[in-house]
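This report concerns only the one structure given below.
The values are calculated or read from the model by the stated rules, or taken from the named source; none is laboratory data. Just so it is clear, the structure is predicted and the values come from calculations on it, not from any experiment. All Cβ positions, glycine included, derive from the backbone under ideal geometry; neighbour counts span all protein chains shown.
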Amino acid sequence: MLVVPGGNPTAPLESTEVIAWIKSVSESTEVTMSVCTGAFILVKAGLLDGRQATTHWGQLARLRKAAPNIDVRDKVRFVDAGKIVTTAGVSAGIDGALHVVDRLSGRSTATWAASSMEYKWNRGPEPGQPDKK
């Protein structure tokens, strides 16, 4: 698994070495996940082309402009696009991470992890249910 954090991603976005490394490493990951504006790094690496994705609510318009070939989702905490999971802000990153734990290790493990952190997990839409666009 590879987690690409957000915040101020200017330095990694300007580094061809970082972008190449992320693209290379993601080829062998089961899941590559971005938190918040880390989605822009995945865009630069070409990992979101033709996929659904999200980012922090304050950056959704910028993401749509930067990557018109991505189906940018709003009003969601995370988007699971198979190998790639993108999340909105920081706490949504926790929801996305717990979702990945659920996928890889089962619901009971993810529920235990949320409980041990005293965190109220927002699981997002149930499988097969549409998200809000």
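Observations on the model:
For (1) over 16 Å from Gly6 (Cβ atoms); (2) hydrophobic (A, V, I, L, M, F, W, C); (3) touching a helix residue (DSSP H, G or I) at 6+ places or on another chain (Cβ under 9 Å), each residue gets a yes or a no:
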position	(1), (2), (3)
Leu63	no, yes, yes
Asn69	yes, no, no
Arg77	no, no, yes
Ala81	yes, yes, no
Thr87	no, no, yes
Ala97	no, yes, yes
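- Taken over the range 72-91, the criterion of being in a helix (DSSP H, G or I) and modelled with pLDDT of 95 or more is satisfied by no residue.
- Within the range 64-79, being over 11 Å from Gly89 (Cβ atoms) and out of contact with any Leu (no Cβ under 9 Å at 6 or more places or on another chain) holds for Arg64, Lys65, Ala66, Pro68, Asp71, Lys75, Val76, Val79.
- Unique residue being part of a helix (DSSP H, G or I) and either of a type in the set (S, T, N, Q) or under 17 Å from Thr32 (Cβ atoms) (or both) when the list is Ala97, Ala61: Ala97
- Qualifying residue in the range 104-115 (condition: in a helix (DSSP H, G or I), within 15 Å of the chain's Cα centre (by Cα) and in contact (Cβ under 8 Å) with a residue 60 or more places away in the chain): no
- Taking the listed residues Arg62, Arg103, Arg107, the one that is within 20 Å of Ile19 (Cα to Cα), surrounded by fewer than 18 Cβ atoms within 10 Å (Cβ to Cβ) and of a type in the set (D, E, K, R) is Arg62, with no other qualifying.
- Test: residue in the range 63-86 that is at positive phi, out of contact with any strand residue (DSSP E or B) (no Cβ under 6 Å at 6 or more places or on another chain) and free of Cβ contacts under 8 Å to residues at least 60 places away in the same chain: yes
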